[in-house]
Each structure stands twice: as C-alpha cells, then as structure tokens.
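Have a look at the structure below before the remarks.
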Amino acid sequence: MQEPVQLKMTLPKIPDIELVALEGLERLSKHLGIAEEKIGEARIIVTEAIINAFEHGGDKNPGAQVEFTLTTKEVIIFVRDFGGGFEPSAVATPAIDDKLKGASKRGWGLNLMKSLSDDFRIESDSNGTRITIKKLLA
C-alpha cells in the first residue's frame, strides 16, 4: 500500500480562494491515480467547509486552515476557522419548503457535508470550529 500524501495550507479570506484548495486536492488525487469521478463528492465537501469557515470565522482572524490526507482508499479533510464557535447540536435541519419560499437559500452546508461523508466530526468552542471528514474513495 502506498504511503498517504498530505497537504496543509492556510487560506486568507479572499474571493474564490477555495479553488486553490480544490486544485491541491486534485493534484494529490492524480498523484495517487484516483479517478476524477471518485473525488467529486470530496470537492463539494471541501468547498462547503471552506465557505462555512469564512462565513462564520469572524473578522479577528479570518483565515482558514485546510488539510488533506489521501490514500487510494480514502481522503481525510480537516478545516478549521478561528471564530467564536457555536453549538453544533443546536443547528436545525432546514425545512425544504421554508428554504424554497424564503429569501435565504443558505443553511444547507452542514447537512450536505454530513450526507456526503463516511465520517463527519465537528468540534466548536470559543477558539473556533474544527471539522474532520472522512470520505471513502474505494
């Protein structure tokens, strides 16, 4: 079995910076010979996690730490922000009718990430939020 490959980066809060993380994920997967279609759901997870980190990370330290660890069988995605935190269990599942009729279509990120993940862990406190996601590729 090939050794895992890892990429760590700190992203500043600037428009479209999540594309840098996605490019890194794609390069790692190509290096390991992982088919592009197998990494597709991981791309969605990464995009949502980074957008959430920037949206909820606050202005004091608005960057996000992003880490990927890949093998041919799985990808581990870690995203951290430095905001004030929140209580994950208090986040309600959005009601689709309310979202379709309401002005705000946001609020699907956590549920989307959970549904696309094989393991989803979230820790949040006054020092920020840390999301660790495992996505099986095989």
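The values are calculated or read from the model by the stated rules, or taken from the named source; none is laboratory data. None of the values given here were measured: they were computed from a predicted structure. All Cβ positions, even for glycine, are placed from backbone atoms using ideal geometry, and neighbour counts span all protein chains on display.
Six or more apart or on different chains, Cβ under 6 Å: which pairs go from a residue in segment 47-72 that's more than 17 Å from VAL91 (Cβ to Cβ) and modelled with pLDDT of 90 or more to one that's of a type in the set (D, E, K, R) and surrounded by fewer than 16 Cβ atoms within 10 Å (Cβ to Cβ)? Could you list them?
GLU67/LYS8
Can SER104 be described as among the polar types (S, T, N, Q), in a helix (DSSP H, G or I) and either at pLDDT below 95 or touching a Ser or Thr at 6+ places or on another chain (Cβ under 9 Å) (or both)?
Values: among the polar types (S, T, N, Q): yes; in a helix (DSSP H, G or I): no; either at pLDDT below 95 or touching a Ser or Thr at 6+ places or on another chain (Cβ under 9 Å) (or both): yes.
No; evaluated as a whole, the condition is false for this residue.
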